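**Q** Below are the structure tokens for one structure; questions will follow.
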Amino acid sequence: NFNYRREIITGSNFKYDTLESKEVLRLLKWLVEIQSPSETNEMYYFIELLKEKIELENPTCKIDMDEFGNIYITKGRSKNYPLLISHTDTNQELYGDLRMCVLDDMIFGMDYETGEQGGLGLDDKMGITIILHLLKKFEILKVFLPVNEEIGLIGTHQALQNNLEWFKDIAYCIQ
């Protein structure tokens, strides 16, 4: 039987012992251990840290944040841009000391205060990891990191109502 999850994490293209894969795992660990449940102070703290990290590591990018906390990134100049999207909030409860653990081909969260397994919000924290990695690889790119998507696509609705012009030159979108 083909184990889809195992193949994705440990398949022939992903080796834990390469420098690049170790950097990606370190980045993912950093992202998931900063908890960001929807509409919480922790989410806005995460957004501020994320914006600072992007600014430090990508000095050629134009980075804006609207009044709601949505982040807009433009790299390079083009008539048409690819757009990458990943939301910044999670649908997880807050844990006292959440840590990402990697065991063989499994990634899971553990609250080191209680010893209980906890959710990491890997869906879009992994998306943000991929986006941060691709920002280093591509010269032409737009990135949209909306807030409060887990509770009704609030960030995207606000962006489309208040900042539609930013999306006018998008050739295609990957979310």
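The values are calculated or read from the model by the stated rules, or taken from the named source; none is laboratory data. Because the structure is predicted, anything quoted here is derived from the model rather than measured. We place every Cβ from the backbone using ideal geometry, glycine too, and count neighbours over all the protein chains shown. What goes into the accessible areas is simple: the full protein's heavy atoms, side chains included, and nothing from ligands, DNA or RNA. Shrake-Rupley method; radii C 1.70, N 1.55, O 1.52, S 1.80 Å.
**Q** Checking a compactness column here: for region 88-175, what do you get for Rg(Cα) / (2.2 N^0.38 Å), N being the number of residues?
**A** Taking N as the residue count of region 88-175, the ratio is 1.36.
**Q** In the P(r) worked out for region 24-106, what percent of Cα pairs fall beyond 21 Å?
**A** Values: 1343 of 3403 pairs.
The calculated P(r) of region 24-106 puts 39 percent of pairs beyond 21 Å.
**Q** Per residue, how much space in cubic angstrom lies within the convex hull of the C-alpha atoms of region 124-175? Please report the intermediate quantities before stating the final value.
**A** Working: hull volume 4.4 nm³, N = 52.
Convex hull of Cα atoms, per residue: 84 Å³.
**Q** Protein chains only, probe 1.4 Å: how do Met106, Met100 rank by accessible area, largest first? All intermediate terms of the calculation are to be shown ahead of the outcome.
**A** Numbers: Met106 75, Met100 15 Å².
Largest accessible area first, the list is Met106, Met100.
**Q** Related question: At 1.4 Å probe size, with the rest of the protein present, what percent of the exposed accessible area of the chain is carbon and sulfur atoms?
**A** Working: 5220 of 10230 Å².
Carbon and sulfur atoms account for 51 percent of the accessible area of the chain.
**Q** Place a +1 charge on the Cβ of each Lys and Arg in region 96-175 and a -1 charge on the Cβ of each Asp and Glu, then give the dipole magnitude about the Cα centre in debye, rounded to the nearest 20.
**A** 480
**Q** Turning to a different aspect of this structure: After finding the eigenvalues of the alpha carbon gyration tensor for the chain, what semi-axes result from the square roots of 5 times each, listed largest first in whole Å?
**A** Computed over the chain, the values are 28, 21, 14 Å.
**Q** Let me ask something else. How many angstrom lie between the Cα centre of region 33-92 and the Cα centre of region 139-175?
**A** With region 33-92 and region 139-175 each reduced to a Cα centre, they are spaced 11 Å.
**Q** Now for a different question. Might you tell me the accessible area per residue for the chain, computed with a 1.4 Å probe and given in Å²?
**A** Accessible surface, normalised per residue, equals 58 Å².
**Q** When only C-alpha pairs under 8 Å and at least 6 residues apart count, what is the relative contact order of the chain, in percent? Spell out each step's value before the answer.
**A** Working: 266 pairs, mean separation 48.6, N = 175.
So the answer I get is 28 percent.
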